[in-house]
Each structure stands twice: as structure tokens, then as C-alpha cells.
Amino acid sequence: MPEKFDVIVVGAGPAGIACAYELAKHGVNVLLIERGEYPGSKNVMGGVLYRKMMEEIVPDFHKEAPVERPIVEQRFMMMDKTSAVTFSYKGMEWAQEPYNNFTVLRAKFDQWFAQKAVERGALLVCETVVLECVVEDGRVVGVKTDRPDGELRADVVVLADGVNSLLAKSLGFHKEFRPDEVALATMEILKLDKKIIEDRFNLEEGQGCTIELFGDATKGILGTGFLYTNKDTLSIGVGTLLSGLIKHKIKPYELMEYVKKHPMIRPYIQGGEPQEYLAHLIPEGGYKSIPKVAGAGVIVVGDAAQLVNAIHREGSNMAMTSGRLAAEAIIAAKERDDYSEASLDAYRQSLMASFVGQDMKKYKDATHHFDKFPQYFEQYIPMMNRAASQMLTVDGTPKREKQRKIWRDMGSFGQKVKIARDFYRAWRVMK
């Protein structure tokens, strides 16, 4: 007879581990399956971990977890080809416990997090691929793996298998996602002395900084670049919608090299020694792309549920929260001995009531809007840079004349009306 578990979690990323940890903590017999050599070996994210959501699962985690640096400054660069208008916030309250967020390296952090779940009682099995869900009488009752005699049974299967969840798709929870619903992110880890990092980013010892890159970093394609400080490495990367890469016929590694050579970025990474290169798909479809997340004997969490806030670059915090809420719903269902869709739908309700569902709904039209109107990246960011250059260049021209030139450069009256209308539309989808 196949071995039976209370719960099988497919995928040892932030969502899957969070779910397994919470279940094991409450005495649930849980199996965590990872296809990679170890948790984190096939996972990529920008490298920022938010303290509050992680602490709701493992209190005071930062005192022992392999975090890199607490972030004290967040910068935002609006880039043209040879310039950038930069906004930032630096707060010393973020330099004190309990902190706001940290940079992390997933290969290290996910292994630690998974080990905490194991210590709680979860069984972790790596290098195992789940081929399909086992369905009987319309209910998921287990999974089939690529191992000999690899059928395993469970009361509930949690799908945390990533952005294009083939398992959720096979259950009819979602269709094939379109290229404008998925982004491809590439990231490189560069080795650099910690003192050099702190000097270049104007940081005190142990402090961290993040820089988000918009505009020319993606050659006007909808997406962002990023540069994050770790202890003795930098994480640099860029992510854009697949539809943009296809339309502009640009290869991901070409964008990466373009960002690294950009005059606004090159001084930060000079002398950095490449250590690792990674690529990963990221769900960017937003609220309208969220698939069915609960069925009879099955729950979908994290990237598999499309839970990424592309506007604020948040994903891991939403993933961990979804995993925790899934565990809570499963524990309640276990007490009732009811794993029907109606019973497990408590997860969907709590997810939508949480900050995850509320933020996803708030920005439900944002990504599609900026993809539909590329002028925000292609025209308005360069326009902002030209205006800043003209106003800040001291050449004997009266400031009023400079203002008139900036106004003329915005085009005809009709073009100015269009700009105003575009910014109003942007406000509407972001408010």
C-alpha cells in the first residue's frame, strides 16, 4: 500500500516551507518534496526578505537565519541612457531591531528555513519530481513522483511548484499563462569586498541598500532592474515581461550585460567577480491572473497562485503568508475531518482578506496598463531626465527661459493633454 501522509507539499520555496513548518509545528504529518538538489537550488528572487511576514512564522528568525544585511536605504533610479533621476528613503529606524527587511541569498536561506521545518517534524525529500496529482472521485488524494513505486497518498496536497504550475494546470485550475502575464528575471551574484560595498553605497558596517532601476535599465520594456547589497557580494539583475522580450527581440542575457555596462551602474559593480548566474520565471499577471486556489483535497500557494505584487516588487512575503494561511485552513479542516472544496475554501477567504489579497486587488490593472501604454518607460522617463538636466545645468540661461524650453519640448497642446491624461490614468490604476 502507498505510504499515507496528512499533507504533501510540492515545492520547497518560501510558500511551501512556510506551510510545512506551520503544519509540522501543530503535529501534522507532512511531507515536503523538492525537485532540486536542495531547497533554494532552483529558486531565484531579487534577494529581499521582509521581516514581519517571516517573523509571524519563526519569531526572531533574524538572530540565527543566514540573512545578509538589514536594509536602511531604498533607492529608485529613473534611468535614461547616460543619466538618472534618483529618489530614495534612508531611515535609521530600519537599522535597529526588529528591522524592516533584509537581503538574502536563496540558496542559503531556503536551506536554513527548510531545516527549521524538519526540526519541527516535517519530512523533506529532495531531487524528486512530482509528475501528477492522483485524483479519485473528483478529489486529489495524493501525487505520483518519478521515483520507483513513487505514488504517495495524503488528505491534502499543497501545490507550491512555481509560476507555471503544471500540476494546477492539469487540474484545470488555470490555462497556459500568456507572455504578458509572466516575466523572466535574470540575476548575477558578484563577489566584492564588504568594505568596498559599504563605501560605494554610503553605508555603515553591516547595513544594506537596495536600488530599483526603471526605464533604460530594461530599454523601455515593462520591467525593472535591481542592485542589492549582500555581506560580501552584490545581487544585480533585471526582469521584464516575456511579451516585451519577444516584441523587441532581446535576449535576457543581453539586457543583463546592458545593465552592468550602464554608466549609472558600472561604478557600483566595478571589480566585482562573477560567482553565480541564475534565471527564473516570475508571475506578473496580477489579481486577474490568480487561478483557482482551493479544491477538494488541494490548495495552491505562492508563485503557483500568481501571488506577486509587481508594483512594489513583493513576492516572498506574499508567498510565506499564503503558506501560513494554507496551513491554518488545513489544520481547521483536519479538526473537522473535512477536506472538501467547501472546507478548504477557508484558505481562499483568509487569503483575500489579508494584505495579500487586498494589495493584489488594489493594483489589479496596473501591470496591464503600463504594458498597454509603453510611453511611460519609453518617453516620460527620458523626458524627466532631460528636464532635470536643463534645470540643473548652470549656463547663464535664465531659469524662466529654461522652464519655457522644457514646456516646448513636451510637444504641442494636444501632446501635453495626452501626457496629462496618461498621468491621470496612471494615478487611477495606482490609487
Flag if Asp80 is of a type in the set (D, E, K, R) and not assigned by TED's automatic domain parsing to the domain that holds Gly16: yes
Of these, Thr229, Thr210, which one is among the polar types (S, T, N, Q), modelled with pLDDT of 90 or more and in contact with a helix residue (DSSP H, G or I) (Cβ under 9 Å, 6 or more places away or on another chain)? Thr229
Tally up the residues in the stretch 169-201 that are open to solvent by 70 Å² or more (accessible area, probe 1.4 Å) and among the acidic types (Asp, Glu), please. 3
Just wondering, is there one or more residues in the stretch 410-417 that are part of a helix (DSSP H, G or I) and in contact (Cβ under 8 Å) with a residue 12 or more places away in the chain? no
Quick one: how many residues across the stretch 337-353 are surrounded by 15 or more Cβ atoms within 10 Å (Cβ to Cβ) and either without any contact (Cβ under 8 Å) to a residue 24 or more places away in the chain or in a helix (DSSP H, G or I) (or both)? 10
Elements of type strands (runs of 3 or more DSSP E) contained in the stretch 89-184, each with 3 or more residues being closer than 30 Å to Thr233 by Cα and not aromatic (Phe, Trp, Tyr): 101-104
Going residue by residue through the stretch 210-225, is there one that turns out to be assigned to a strand (DSSP E or B), among the hydrophobic types (A, V, I, L, M, F, W, C), surrounded by 22 or more Cβ atoms within 10 Å (Cβ to Cβ) and in contact with a strand residue (DSSP E or B) (Cβ under 6 Å, 6 or more places away or on another chain)? yes
Would you point out which residue out of Arg386, Arg421, Arg404, Arg400 is closer than 30 Å to Gly286 by Cβ, open to solvent by 90 Å² or more (accessible area, probe 1.4 Å), of a type in the set (D, E, K, R) and assigned to a helix (DSSP H, G or I)? Arg421
Got a number for residues in the stretch 108-141 being of a type in the set (Gly, Ala, Ser) and open to solvent by 30 Å² or more (accessible area, probe 1.4 Å)? 2
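The values are calculated or read from the model by the stated rules, or taken from the named source; none is laboratory data. Being a predicted model, the structure only gives us computed values, none of them experimental. Cβ coordinates were reconstructed from backbone atoms using ideal geometry, including for glycine residues, and neighbour counts include every protein chain displayed. Surface areas here come from the heavy atoms of the whole protein model, side chains and all, with no ligands, DNA or RNA. Shrake-Rupley method; radii C 1.70, N 1.55, O 1.52, S 1.80 Å.
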